1. Hull surface divided by four, with the convex hull built on the Cα atoms of segment 1-118: how many nm²?
2. For the pair THR44 and ILE109, what calculated FRET efficiency results from E = 1/(1 + (r/R0)^6), where r is the Cβ-Cβ distance and R0 = 25 Å, to the nearest 0.05?
3. Inverting the mean 1/r over all pairs of different Cα atoms, compute the Kirkwood radius of segment 28-74 and quote it in Å.
4. For segment 93-167, with only Lys/Arg (+1) and Asp/Glu (-1) charged at the beta-carbon, what is the dipole magnitude about the Cα centre, in debye rounded to 20?
5. Given contacts defined as C-alpha pairs under 8 Å and at least six residues apart, what's the relative contact order of the chain, whole-number percent?
6. Amide H neighbours of ALA54 under 5 Å, counting only residues 5+ apart in sequence or on other chains, H built in-plane at 1.01 Å?
7. How many angstrom lie between the Cα centre of segment 367-391 and the Cα centre of segment 95-127?
8. Taking amide hydrogens as modeled 1.01 Å from N in the peptide plane, which residues meet the under 5 Å criterion relative to SER423, leaving out close sequence neighbours?
Amino acid sequence: MSAQNTAVTGIPDGDTPFTLGVASGDPEPGSVVLWTRLAPDPYTPGGGLPTCGAIPVGWQIADDEHFASVRQQGVFDAPAADGHSVHVDVRGLDADRPYFYRFRTGPWISPTGRTRTAPLPGATLTARRFGLADCAQYRDGYYTAYAHLAAEDIDAVLFVGDYVYEYPIDAQGGARRLTGAPLPDFLNHTTRTLDDYRVRHALFKSDPDLQAAHAAHPWYVTWDDHEVENNYAGDVSQHADPVPVFRARRAAAYRAYWENMPLREAQRPTGPDMRLYRRFCYGRLAQLDVLDTRQYRSDQAYGDGWQYPGPQSEDPSRTMTGAAQERWLLDGLRASTATWNLLVQQVAFSRRANSTAAHSRVSMDTWDGYPAARARVLAGAEQAGLDGLVVLSGDAHVHHAFDVLRDFHDPGSPTAAVEFLASSVSSGSDGADRPRDWAVMTDANPHMRFYNGRRGYVILTLTPERVRADFRTLPYVTRPGAPVGTAASFVSEIGRPGLVRA
Ligand SMILES: [Fe+2]
(Lines give C-alpha, C1' and ligand atoms only; values in the text may rest on other atoms or scores of the structure.)
Protein backbone atom coordinates (compact mmCIF):
# COMPACT_ATOMS: atom_id res chain seq x y z
CA MET A 1 0.00 0.00 0.00
CA SER A 2 1.68 3.25 -1.03
CA ALA A 3 1.65 6.41 1.03
CA GLN A 4 -0.10 8.25 -1.80
CA ASN A 5 -3.24 6.17 -2.04
CA THR A 6 -4.02 5.99 1.66
CA ALA A 7 -2.48 8.61 3.91
CA VAL A 8 -3.00 7.19 7.35
CA THR A 9 -1.20 8.44 10.41
CA GLY A 10 -1.91 8.44 14.09
CA ILE A 11 -0.09 5.49 15.52
CA PRO A 12 3.33 6.08 17.04
CA ASP A 13 6.36 4.41 15.48
CA GLY A 14 7.47 1.41 17.45
CA ASP A 15 6.23 -2.15 17.30
CA THR A 16 3.74 -3.32 14.71
CA PRO A 17 0.14 -2.96 15.88
CA PHE A 18 -0.91 -5.92 13.68
CA THR A 19 0.02 -8.58 16.23
CA LEU A 20 -3.37 -10.31 16.14
CA GLY A 21 -3.62 -10.95 12.42
CA VAL A 22 -6.50 -10.24 10.07
CA ALA A 23 -9.83 -11.94 9.50
CA SER A 24 -12.95 -11.84 7.38
CA GLY A 25 -16.42 -13.11 8.13
CA ASP A 26 -20.10 -13.52 7.40
CA PRO A 27 -19.82 -13.54 3.58
CA GLU A 28 -22.97 -12.49 1.72
CA PRO A 29 -23.35 -12.46 -2.09
CA GLY A 30 -21.72 -9.03 -2.49
CA SER A 31 -20.40 -8.31 0.95
CA VAL A 32 -17.99 -9.45 3.62
CA VAL A 33 -16.68 -8.05 6.91
CA LEU A 34 -12.97 -7.35 7.19
CA TRP A 35 -11.44 -7.40 10.66
CA THR A 36 -8.27 -6.54 12.50
CA ARG A 37 -7.40 -5.11 15.88
CA LEU A 38 -4.51 -2.80 16.74
CA ALA A 39 -2.45 -4.00 19.69
CA PRO A 40 1.30 -3.28 19.64
CA ASP A 41 1.46 -4.66 23.18
CA PRO A 42 -1.27 -7.30 22.98
CA TYR A 43 -1.11 -8.76 26.51
CA THR A 44 -1.73 -5.47 28.29
CA PRO A 45 -5.24 -4.11 28.72
CA GLY A 46 -5.60 -1.44 26.05
CA GLY A 47 -3.10 -3.22 23.81
CA GLY A 48 -0.46 -0.57 24.48
CA LEU A 49 -2.51 2.23 22.86
CA PRO A 50 -4.22 5.37 24.24
CA THR A 51 -7.40 4.65 26.15
CA CYS A 52 -9.47 7.31 24.38
CA GLY A 53 -9.93 8.60 20.85
CA ALA A 54 -9.61 6.60 17.65
CA ILE A 55 -6.81 5.57 15.31
CA PRO A 56 -7.36 5.76 11.56
CA VAL A 57 -6.71 2.51 9.74
CA GLY A 58 -6.60 2.29 5.96
CA TRP A 59 -8.05 -0.78 4.28
CA GLN A 60 -7.97 -2.18 0.77
CA ILE A 61 -9.72 -5.05 -0.96
CA ALA A 62 -8.36 -6.24 -4.29
CA ASP A 63 -8.80 -8.85 -6.99
CA ASP A 64 -5.25 -10.09 -6.56
CA GLU A 65 -2.83 -10.74 -3.76
CA HIS A 66 -0.40 -8.12 -5.11
CA PHE A 67 -3.09 -5.40 -4.91
CA ALA A 68 -2.55 -4.43 -8.55
CA SER A 69 -6.32 -4.23 -8.98
CA VAL A 70 -7.76 -2.59 -5.87
CA ARG A 71 -11.56 -2.80 -5.92
CA GLN A 72 -12.36 -0.67 -2.87
CA GLN A 73 -10.43 1.17 -0.18
CA GLY A 74 -11.10 3.53 2.68
CA VAL A 75 -10.19 4.60 6.16
CA PHE A 76 -11.81 3.20 9.28
CA ASP A 77 -11.41 4.97 12.62
CA ALA A 78 -10.65 2.25 15.16
CA PRO A 79 -12.02 3.51 18.49
CA ALA A 80 -10.27 2.90 21.79
CA ALA A 81 -13.77 2.15 23.13
CA ASP A 82 -13.89 -0.90 20.82
CA GLY A 83 -10.41 -2.08 21.79
CA HIS A 84 -9.10 -0.50 18.58
CA SER A 85 -10.88 -3.16 16.57
CA VAL A 86 -11.69 -2.63 12.90
CA HIS A 87 -14.89 -4.00 11.35
CA VAL A 88 -15.25 -2.91 7.72
CA ASP A 89 -18.54 -4.07 6.19
CA VAL A 90 -17.56 -4.00 2.51
CA ARG A 91 -20.55 -3.87 0.14
CA GLY A 92 -20.88 -3.84 -3.62
CA LEU A 93 -18.50 -6.70 -4.33
CA ASP A 94 -19.10 -9.41 -6.91
CA ALA A 95 -20.74 -12.60 -5.71
CA ASP A 96 -18.96 -15.91 -5.35
CA ARG A 97 -15.36 -14.98 -5.89
CA PRO A 98 -12.15 -14.57 -3.91
CA TYR A 99 -10.69 -11.23 -2.83
CA PHE A 100 -7.57 -10.15 -0.99
CA TYR A 101 -7.45 -7.51 1.74
CA ARG A 102 -5.03 -5.71 4.05
CA PHE A 103 -4.82 -2.80 6.48
CA ARG A 104 -2.39 -0.01 7.16
CA THR A 105 -1.73 2.43 9.96
CA GLY A 106 1.28 4.68 10.34
CA PRO A 107 4.23 2.88 8.75
CA TRP A 108 2.72 -0.52 9.39
CA ILE A 109 1.03 -2.77 6.84
CA SER A 110 -0.88 -5.83 8.01
CA PRO A 111 -0.52 -9.35 6.65
CA THR A 112 -2.73 -10.01 3.61
CA GLY A 113 -5.93 -11.98 4.04
CA ARG A 114 -7.90 -13.90 1.44
CA THR A 115 -11.66 -14.00 1.56
CA ARG A 116 -14.54 -15.12 -0.62
CA THR A 117 -18.03 -13.74 -1.15
CA ALA A 118 -21.08 -15.99 -1.14
CA PRO A 119 -22.94 -16.95 -4.36
CA LEU A 120 -26.11 -15.19 -5.49
CA PRO A 121 -29.36 -16.50 -3.97
CA GLY A 122 -30.60 -18.17 -7.15
CA ALA A 123 -27.24 -19.61 -8.20
CA THR A 124 -27.10 -23.27 -9.19
CA LEU A 125 -23.97 -24.73 -7.64
CA THR A 126 -22.31 -28.05 -8.27
CA ALA A 127 -20.36 -28.31 -5.00
CA ARG A 128 -19.41 -26.27 -1.94
CA ARG A 129 -17.08 -27.10 0.93
CA PHE A 130 -16.93 -25.87 4.50
CA GLY A 131 -14.65 -26.54 7.44
CA LEU A 132 -16.31 -27.21 10.81
CA ALA A 133 -14.21 -26.45 13.91
CA ASP A 134 -14.59 -25.63 17.60
CA CYS A 135 -13.01 -25.83 21.07
CA ALA A 136 -9.49 -24.40 21.02
CA GLN A 137 -8.22 -24.32 24.60
CA TYR A 138 -4.82 -22.66 24.26
CA ARG A 139 -3.27 -24.35 27.29
CA ASP A 140 -4.23 -27.85 26.09
CA GLY A 141 -2.04 -27.85 23.00
CA TYR A 142 -0.93 -26.36 19.73
CA TYR A 143 -3.29 -25.14 17.04
CA THR A 144 -1.91 -27.47 14.38
CA ALA A 145 -5.49 -28.25 13.34
CA TYR A 146 -5.94 -24.57 12.45
CA ALA A 147 -2.79 -24.72 10.29
CA HIS A 148 -4.21 -27.68 8.35
CA LEU A 149 -7.60 -25.99 8.12
CA ALA A 150 -5.87 -22.99 6.55
CA ALA A 151 -4.57 -25.25 3.77
CA GLU A 152 -7.96 -26.84 2.98
CA ASP A 153 -9.81 -25.89 -0.18
CA ILE A 154 -13.05 -24.57 1.36
CA ASP A 155 -15.49 -21.71 0.90
CA ALA A 156 -15.62 -20.80 4.59
CA VAL A 157 -15.00 -21.99 8.13
CA LEU A 158 -17.98 -22.69 10.38
CA PHE A 159 -16.80 -22.17 13.96
CA VAL A 160 -19.25 -23.46 16.57
CA GLY A 161 -17.91 -22.33 19.90
CA ASP A 162 -15.26 -22.31 22.62
CA TYR A 163 -12.98 -19.99 20.65
CA VAL A 164 -11.44 -18.91 23.96
CA TYR A 165 -11.62 -20.42 27.45
CA GLU A 166 -12.01 -18.53 30.70
CA TYR A 167 -9.63 -20.64 32.82
CA PRO A 168 -6.22 -19.44 34.06
CA ILE A 169 -3.22 -19.92 31.75
CA ASP A 170 0.21 -20.34 33.33
CA ALA A 171 3.49 -18.78 32.23
CA GLN A 172 4.41 -21.78 30.03
CA GLY A 173 1.01 -21.97 28.31
CA GLY A 174 0.11 -25.29 29.98
CA ALA A 175 0.61 -28.33 27.75
CA ARG A 176 2.39 -26.17 25.20
CA ARG A 177 5.38 -25.97 27.59
CA LEU A 178 6.58 -22.77 25.94
CA THR A 179 10.29 -22.15 26.30
CA GLY A 180 10.51 -18.49 25.24
CA ALA A 181 9.50 -15.47 27.27
CA PRO A 182 6.98 -16.49 29.96
CA LEU A 183 3.37 -15.47 29.41
CA PRO A 184 2.31 -12.54 31.59
CA ASP A 185 0.93 -13.25 35.03
CA PHE A 186 -2.19 -11.31 34.03
CA LEU A 187 -3.36 -14.41 32.10
CA ASN A 188 -3.11 -16.66 35.14
CA HIS A 189 -6.59 -16.11 36.51
CA THR A 190 -10.17 -16.77 35.42
CA THR A 191 -11.58 -14.10 33.10
CA ARG A 192 -14.27 -11.86 34.56
CA THR A 193 -13.67 -8.26 33.44
CA LEU A 194 -13.50 -6.61 30.03
CA ASP A 195 -9.71 -6.32 30.36
CA ASP A 196 -9.52 -10.03 31.21
CA TYR A 197 -11.54 -11.07 28.16
CA ARG A 198 -9.72 -8.69 25.83
CA VAL A 199 -6.30 -9.95 26.85
CA ARG A 200 -7.53 -13.54 26.68
CA HIS A 201 -8.66 -13.06 23.08
CA ALA A 202 -5.30 -11.42 22.37
CA LEU A 203 -3.40 -14.46 23.63
CA PHE A 204 -5.45 -16.91 21.55
CA LYS A 205 -5.30 -14.61 18.52
CA SER A 206 -1.50 -14.32 18.85
CA ASP A 207 -1.14 -17.92 17.66
CA PRO A 208 0.27 -18.06 14.10
CA ASP A 209 -1.78 -21.15 13.15
CA LEU A 210 -5.01 -19.46 14.22
CA GLN A 211 -4.01 -16.33 12.29
CA ALA A 212 -3.32 -18.48 9.23
CA ALA A 213 -6.80 -20.06 9.37
CA HIS A 214 -8.42 -16.60 9.56
CA ALA A 215 -6.24 -15.17 6.80
CA ALA A 216 -7.00 -18.09 4.46
CA HIS A 217 -10.82 -18.25 4.70
CA PRO A 218 -13.82 -16.22 5.83
CA TRP A 219 -15.42 -17.54 9.02
CA TYR A 220 -19.01 -17.77 10.18
CA VAL A 221 -18.76 -17.87 13.96
CA THR A 222 -21.00 -18.66 16.85
CA TRP A 223 -20.11 -19.19 20.50
CA ASP A 224 -20.72 -21.78 23.17
CA ASP A 225 -20.19 -21.40 26.91
CA HIS A 226 -16.45 -20.85 27.44
CA GLU A 227 -16.43 -17.50 25.66
CA VAL A 228 -18.07 -16.42 28.97
CA GLU A 229 -18.09 -19.23 31.55
CA ASN A 230 -18.40 -23.03 31.56
CA ASN A 231 -21.99 -24.29 31.27
CA TYR A 232 -23.71 -20.96 31.80
CA ALA A 233 -27.35 -20.80 30.74
CA GLY A 234 -28.92 -17.45 29.89
CA ASP A 235 -28.50 -15.32 33.01
CA VAL A 236 -27.55 -18.26 35.19
CA SER A 237 -23.87 -18.75 35.91
CA GLN A 238 -22.33 -22.11 36.71
CA HIS A 239 -21.77 -21.10 40.31
CA ALA A 240 -25.07 -19.30 40.81
CA ASP A 241 -23.57 -15.79 40.95
CA PRO A 242 -26.16 -13.08 41.60
CA VAL A 243 -27.84 -12.33 38.25
CA PRO A 244 -26.65 -8.69 38.03
CA VAL A 245 -23.06 -9.81 38.70
CA PHE A 246 -23.26 -12.49 36.03
CA ARG A 247 -24.94 -10.18 33.53
CA ALA A 248 -22.06 -7.71 33.95
CA ARG A 249 -19.58 -10.50 33.30
CA ARG A 250 -21.57 -11.64 30.26
CA ALA A 251 -21.60 -8.06 28.95
CA ALA A 252 -17.79 -7.86 29.26
CA ALA A 253 -17.33 -11.22 27.54
CA TYR A 254 -19.78 -10.45 24.73
CA ARG A 255 -18.15 -7.09 24.08
CA ALA A 256 -14.67 -8.60 23.87
CA TYR A 257 -16.07 -11.34 21.61
CA TRP A 258 -17.62 -8.84 19.20
CA GLU A 259 -14.45 -6.75 19.17
CA ASN A 260 -12.35 -9.77 18.29
CA MET A 261 -14.53 -11.42 15.66
CA PRO A 262 -15.28 -10.56 12.02
CA LEU A 263 -18.89 -9.65 12.77
CA ARG A 264 -21.10 -6.86 11.47
CA GLU A 265 -22.42 -3.85 13.35
CA ALA A 266 -25.76 -5.69 13.64
CA GLN A 267 -24.05 -8.10 16.02
CA ARG A 268 -22.60 -5.37 18.27
CA PRO A 269 -23.79 -6.16 21.82
CA THR A 270 -25.91 -3.88 23.96
CA GLY A 271 -24.83 -4.64 27.51
CA PRO A 272 -25.34 -8.36 28.11
CA ASP A 273 -27.40 -8.86 24.93
CA MET A 274 -25.99 -9.73 21.52
CA ARG A 275 -27.89 -10.93 18.47
CA LEU A 276 -25.64 -13.72 17.23
CA TYR A 277 -28.15 -16.00 15.51
CA ARG A 278 -28.37 -15.23 11.82
CA ARG A 279 -28.98 -16.80 8.41
CA PHE A 280 -26.89 -17.14 5.22
CA CYS A 281 -27.47 -18.76 1.85
CA TYR A 282 -25.20 -20.44 -0.70
CA GLY A 283 -27.28 -20.18 -3.86
CA ARG A 284 -29.97 -22.83 -4.01
CA LEU A 285 -27.61 -25.36 -2.53
CA ALA A 286 -27.57 -24.48 1.15
CA GLN A 287 -29.16 -22.39 3.86
CA LEU A 288 -27.04 -21.87 6.97
CA ASP A 289 -28.91 -21.15 10.18
CA VAL A 290 -26.26 -20.09 12.68
CA LEU A 291 -27.75 -20.60 16.14
CA ASP A 292 -27.09 -19.35 19.66
CA THR A 293 -28.07 -22.05 22.15
CA ARG A 294 -26.44 -20.31 25.14
CA GLN A 295 -27.83 -16.81 25.58
CA TYR A 296 -31.53 -17.66 25.83
CA ARG A 297 -31.60 -21.22 27.16
CA SER A 298 -33.35 -22.48 30.28
CA ASP A 299 -31.03 -23.47 33.10
CA GLN A 300 -29.76 -27.06 32.91
CA ALA A 301 -32.00 -29.57 34.67
CA TYR A 302 -30.63 -31.61 37.58
CA GLY A 303 -27.38 -29.66 37.56
CA ASP A 304 -24.98 -29.45 34.65
CA GLY A 305 -23.51 -32.94 34.34
CA TRP A 306 -24.59 -36.38 33.12
CA GLN A 307 -27.87 -37.13 34.90
CA TYR A 308 -30.94 -39.32 34.57
CA PRO A 309 -33.65 -37.52 32.62
CA GLY A 310 -36.91 -36.89 34.44
CA PRO A 311 -39.83 -34.52 34.71
CA GLN A 312 -37.53 -31.53 35.17
CA SER A 313 -35.53 -32.10 31.97
CA GLU A 314 -38.60 -33.22 30.04
CA ASP A 315 -40.66 -30.15 30.94
CA PRO A 316 -41.95 -28.93 27.54
CA SER A 317 -41.61 -25.28 28.58
CA ARG A 318 -37.81 -25.62 28.62
CA THR A 319 -36.01 -23.96 25.74
CA MET A 320 -32.58 -24.21 24.14
CA THR A 321 -32.93 -21.23 21.80
CA GLY A 322 -35.51 -18.98 23.46
CA ALA A 323 -38.97 -18.56 21.93
CA ALA A 324 -38.02 -15.80 19.48
CA GLN A 325 -35.04 -17.66 17.98
CA GLU A 326 -37.05 -20.90 17.79
CA ARG A 327 -39.80 -19.12 15.86
CA TRP A 328 -37.20 -17.48 13.60
CA LEU A 329 -35.62 -20.89 12.95
CA LEU A 330 -38.84 -22.75 12.21
CA ASP A 331 -40.14 -19.89 10.02
CA GLY A 332 -36.82 -19.93 8.18
CA LEU A 333 -36.95 -23.67 7.62
CA ARG A 334 -40.52 -23.40 6.33
CA ALA A 335 -39.53 -20.65 3.90
CA SER A 336 -36.34 -22.41 2.78
CA THR A 337 -35.97 -23.44 -0.84
CA ALA A 338 -32.42 -24.70 -0.33
CA THR A 339 -31.39 -28.28 -1.06
CA TRP A 340 -29.51 -28.52 2.24
CA ASN A 341 -30.44 -26.84 5.51
CA LEU A 342 -27.52 -26.61 7.90
CA LEU A 343 -28.08 -25.97 11.61
CA VAL A 344 -24.74 -24.45 12.59
CA GLN A 345 -24.78 -24.76 16.36
CA GLN A 346 -22.87 -25.61 19.52
CA VAL A 347 -23.78 -28.79 21.35
CA ALA A 348 -24.66 -32.41 20.54
CA PHE A 349 -28.16 -32.62 19.10
CA SER A 350 -28.52 -36.42 18.98
CA ARG A 351 -29.09 -38.59 22.03
CA ARG A 352 -25.97 -39.85 23.77
CA ALA A 353 -26.83 -42.37 26.48
CA ASN A 354 -23.94 -43.55 28.62
CA SER A 355 -25.26 -47.10 29.15
CA THR A 356 -27.35 -49.67 27.29
CA ALA A 357 -30.06 -49.53 30.00
CA ALA A 358 -33.36 -48.04 28.88
CA HIS A 359 -33.00 -45.41 31.60
CA SER A 360 -29.53 -43.92 31.13
CA ARG A 361 -27.75 -40.77 32.08
CA VAL A 362 -27.41 -38.12 29.38
CA SER A 363 -25.63 -34.77 29.29
CA MET A 364 -27.92 -32.10 30.71
CA ASP A 365 -25.93 -29.38 28.91
CA THR A 366 -26.76 -30.68 25.40
CA TRP A 367 -30.07 -31.10 23.55
CA ASP A 368 -30.53 -34.30 25.62
CA GLY A 369 -31.30 -31.98 28.52
CA TYR A 370 -33.92 -30.19 26.41
CA PRO A 371 -35.75 -33.04 24.61
CA ALA A 372 -38.98 -31.10 24.06
CA ALA A 373 -37.07 -28.30 22.33
CA ARG A 374 -35.30 -30.87 20.15
CA ALA A 375 -38.62 -32.48 19.24
CA ARG A 376 -40.03 -29.07 18.24
CA VAL A 377 -37.12 -28.45 15.87
CA LEU A 378 -37.46 -31.90 14.28
CA ALA A 379 -41.25 -31.52 13.96
CA GLY A 380 -40.79 -28.07 12.41
CA ALA A 381 -38.30 -29.44 9.88
CA GLU A 382 -40.64 -32.30 9.03
CA GLN A 383 -43.62 -29.97 8.57
CA ALA A 384 -41.44 -27.80 6.35
CA GLY A 385 -40.91 -30.84 4.14
CA LEU A 386 -37.13 -30.53 4.20
CA ASP A 387 -35.20 -33.19 2.32
CA GLY A 388 -31.72 -32.35 3.55
CA LEU A 389 -31.46 -31.34 7.21
CA VAL A 390 -27.86 -31.42 8.49
CA VAL A 391 -27.06 -30.61 12.10
CA LEU A 392 -23.53 -29.42 12.85
CA SER A 393 -22.16 -29.32 16.36
CA GLY A 394 -19.12 -29.36 18.62
CA ASP A 395 -18.44 -29.10 22.36
CA ALA A 396 -17.82 -32.80 23.07
CA HIS A 397 -14.06 -32.76 22.22
CA VAL A 398 -14.50 -35.92 20.14
CA HIS A 399 -15.68 -36.60 16.61
CA HIS A 400 -19.16 -38.05 16.15
CA ALA A 401 -21.45 -38.82 13.21
CA PHE A 402 -25.10 -39.52 13.97
CA ASP A 403 -28.23 -40.61 12.23
CA VAL A 404 -30.71 -38.19 13.83
CA LEU A 405 -33.75 -40.35 14.64
CA ARG A 406 -37.22 -38.88 14.69
CA ASP A 407 -37.63 -40.65 18.05
CA PHE A 408 -34.39 -41.60 19.82
CA HIS A 409 -36.23 -44.00 22.14
CA ASP A 410 -37.45 -46.11 19.22
CA PRO A 411 -34.55 -47.90 17.47
CA GLY A 412 -36.87 -48.53 14.48
CA SER A 413 -37.58 -44.82 14.12
CA PRO A 414 -36.95 -43.26 10.70
CA THR A 415 -33.87 -41.11 10.30
CA ALA A 416 -34.91 -37.46 10.06
CA ALA A 417 -31.51 -35.84 9.54
CA VAL A 418 -27.79 -36.40 9.94
CA GLU A 419 -25.45 -34.77 12.44
CA PHE A 420 -21.72 -34.17 12.23
CA LEU A 421 -20.04 -33.19 15.50
CA ALA A 422 -16.49 -31.91 15.11
CA SER A 423 -13.85 -32.75 17.69
CA SER A 424 -11.78 -29.99 19.26
CA VAL A 425 -8.91 -28.05 17.74
CA SER A 426 -6.88 -28.56 20.94
CA SER A 427 -9.18 -28.96 23.97
CA GLY A 428 -8.52 -32.21 25.78
CA SER A 429 -4.87 -32.40 24.63
CA ASP A 430 -3.75 -35.37 22.52
CA GLY A 431 -6.80 -37.64 22.96
CA ALA A 432 -7.08 -41.20 21.63
CA ASP A 433 -8.75 -42.86 18.66
CA ARG A 434 -10.83 -44.93 21.08
CA PRO A 435 -11.39 -43.17 24.40
CA ARG A 436 -12.20 -45.26 27.50
CA ASP A 437 -15.96 -45.06 26.99
CA TRP A 438 -15.79 -45.86 23.27
CA ALA A 439 -17.28 -49.37 23.47
CA VAL A 440 -20.10 -48.53 25.87
CA MET A 441 -21.11 -45.36 24.02
CA THR A 442 -21.03 -47.15 20.68
CA ASP A 443 -23.15 -50.01 22.07
CA ALA A 444 -25.59 -47.73 23.85
CA ASN A 445 -26.23 -45.50 20.84
CA PRO A 446 -26.62 -47.48 17.60
CA HIS A 447 -27.48 -44.24 15.77
CA MET A 448 -23.97 -42.99 16.71
CA ARG A 449 -22.25 -44.07 13.54
CA PHE A 450 -18.80 -42.77 14.38
CA TYR A 451 -16.78 -41.92 17.46
CA ASN A 452 -13.13 -40.85 17.47
CA GLY A 453 -11.35 -39.09 20.34
CA ARG A 454 -8.51 -37.36 18.49
CA ARG A 455 -8.25 -33.60 17.93
CA GLY A 456 -9.26 -32.30 14.51
CA TYR A 457 -12.01 -30.78 12.40
CA VAL A 458 -14.53 -31.81 9.76
CA ILE A 459 -14.60 -30.99 6.05
CA LEU A 460 -18.15 -30.88 4.75
CA THR A 461 -18.85 -31.17 1.02
CA LEU A 462 -22.32 -30.38 -0.31
CA THR A 463 -23.52 -31.26 -3.79
CA PRO A 464 -27.09 -31.32 -5.07
CA GLU A 465 -27.08 -35.10 -4.58
CA ARG A 466 -25.28 -35.71 -1.27
CA VAL A 467 -23.52 -34.36 1.76
CA ARG A 468 -20.12 -35.75 2.68
CA ALA A 469 -18.16 -35.36 5.89
CA ASP A 470 -14.44 -36.08 6.16
CA PHE A 471 -13.30 -36.39 9.77
CA ARG A 472 -9.77 -35.01 9.94
CA THR A 473 -7.63 -36.08 12.91
CA LEU A 474 -4.20 -35.26 14.31
CA PRO A 475 -2.05 -37.78 16.23
CA TYR A 476 -0.94 -35.18 18.80
CA VAL A 477 -1.21 -31.49 19.74
CA THR A 478 1.05 -31.24 22.80
CA ARG A 479 3.96 -30.62 20.46
CA PRO A 480 3.82 -28.73 17.18
CA GLY A 481 3.85 -30.08 13.67
CA ALA A 482 1.47 -33.05 13.66
CA PRO A 483 0.38 -34.31 10.23
CA VAL A 484 -3.33 -34.50 9.46
CA GLY A 485 -5.20 -37.61 8.34
CA THR A 486 -8.77 -38.63 7.63
CA ALA A 487 -10.13 -41.08 10.20
CA ALA A 488 -13.42 -41.71 8.38
CA SER A 489 -15.77 -40.27 5.76
CA PHE A 490 -19.54 -40.51 5.54
CA VAL A 491 -22.14 -39.53 2.97
CA SER A 492 -25.90 -39.07 3.08
CA GLU A 493 -28.09 -38.78 -0.02
CA ILE A 494 -30.59 -35.97 -0.49
CA GLY A 495 -34.12 -37.10 0.41
CA ARG A 496 -32.83 -40.31 1.99
CA PRO A 497 -31.16 -39.21 5.25
CA GLY A 498 -28.86 -41.82 6.73
CA LEU A 499 -25.11 -42.13 6.91
CA VAL A 500 -23.14 -44.48 4.69
CA ARG A 501 -19.41 -44.91 5.16
CA ALA A 502 -17.59 -43.57 2.10
FE1 LIG B 1 -14.98 -26.96 24.55
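The values are calculated or read from the model by the stated rules, or taken from the named source; none is laboratory data. Keep in mind it's a predicted model, so treat the numbers as computed, not measured. Neighbour counts run over all protein chains shown; Cβ positions are idealised from the backbone, glycine included. The area values use the complete protein model at the heavy-atom level, side chains included, leaving out ligands, DNA and RNA. Shrake-Rupley method; radii C 1.70, N 1.55, O 1.52, S 1.80 Å.
1. Dividing the Cα hull surface by four gives the mean projection, 6.7 nm².
2. After rounding to 0.05, the efficiency reads 0.60.
3. By the Kirkwood definition, the hydrodynamic radius is 13.3 Å.
4. Approximately 380 debye in magnitude.
5. Value for the chain: 14 percent.
6. ALA80
7. 34
8. Counting only residues 5 or more places away or on other chains, the set is HIS399, HIS400.
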